[in-house]
Amino acid sequence: MLDVSQIFENNKRWVAEKLSGDPEYFEKLSKGQSPDVLYIGCSDSRATAEDLMGMQPGEVFVHRNIANLVVSTDNNLNAVVQYAVEQLKVKFIVVCGHYECGGVKAAMNPTDMGQLNSWLQTLRDVYRLHEEELNVIEDPQKRYDKLVELNVLEQCYNVIKIDHVQRSLSKTGYPKILGWVFDVRTGKLIDLGLDMEQEFEKIRYIYDLYLLDGPL
Ligand code: CO
């Protein structure tokens, strides 16, 4: 079991390391933050945010939940996105999934998981939306990996559905929305190469809240 006091020893060492690099490190850090990135990732302890990107304190605004979901009724997520876009004016919103995601695996194996059921339902909906593509994949591991990737795509769609994001995009062209997967098996970060502006073109007649000449 973890010896919690070790954490405080780690912290002392970390403070000393930072100060040895720059004696004013924490003084500067305390002045404020202006991160360019909002990172939306999984709570999984293996899929860290700053560590895997090689980023430092002050450089990434972070939101994590089980299976990196962007749920429209999630007040926590909505507040994070609004603050990141309107106040911090982030240039990028990253949705980062990861292979071997327990949330995605649970969604592929329907069982009663109590409080988790409603959360995992969003993932099961992603499965249903892409069932044709997923069901032709015979290797269960490959199907599982594909659902991780498709979940990132769907959550990127969910980011672009948010009013604050749309307003900022139409005014400034930012934030850019990026879909990544962290491969815990190799440590590599994979860019799925999603072009969300192009993707949005296909669905904006449904989701663009500021489209004046819509079909209705
Ligand atoms: Co996960």
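Listed values, structure above:
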read-out: Condition broken by PRO23, with the remaining ones in (1) without any contact (Cβ under 8 Å) to a residue 12 or more places away in the chain; (2) within 13 Å of the ligand (Cβ to nearest atom) satisfied; value: (2)
read-out: Qualifying positions in segment 30-49 - touching a Gly at 6+ places or on another chain (Cβ under 9 Å) and either away from the ligand (no atom under 16 Å from the Cβ) or assigned to a strand (DSSP E or B) (or both); value: GLY32, GLN33, SER34, PRO35, GLY41, CYS42
read-out: Helices (runs of 4 or more DSSP H) lying entirely in segment 120-196 (those with 3 or more residues that are surrounded by 14 or more Cβ atoms within 10 Å (Cβ to Cβ)); value: 140-160, 163-172
read-out: Residue count for segment 50-65, restricted to those that are within 16 Å of the ligand (Cβ to nearest atom), open to solvent by less than 70 Å² (accessible area, probe 1.4 Å) and farther than 25 Å from GLN166 by Cβ; value: 1
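So that you can scan it fast, the table gives a plain yes or no per residue for (1) modelled with pLDDT under 95; (2) surrounded by 11 or more Cβ atoms within 10 Å (Cβ to Cβ); (3) not in a helix (DSSP H, G or I):
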position	(1), (2), (3)
THR73	no, no, yes
LEU77	no, yes, no
VAL80	no, yes, no
TYR83	no, yes, no
GLU86	no, yes, no
LYS89	no, yes, yes
ILE93	no, yes, yes
ALA106	yes, yes, no
ASP112	yes, no, yes
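The values are calculated or read from the model by the stated rules, or taken from the named source; none is laboratory data. As the structure is a prediction and not an experimental result, all values here were calculated from the model. For neighbour counting, all protein chains shown are included, and Cβ atoms are generated from backbone atoms with ideal geometry for every residue, glycine included. Each accessible area value is taken on the protein alone, full model and side chains, heavy atoms only, with ligands, DNA and RNA left out. Shrake-Rupley method; radii C 1.70, N 1.55, O 1.52, S 1.80 Å.
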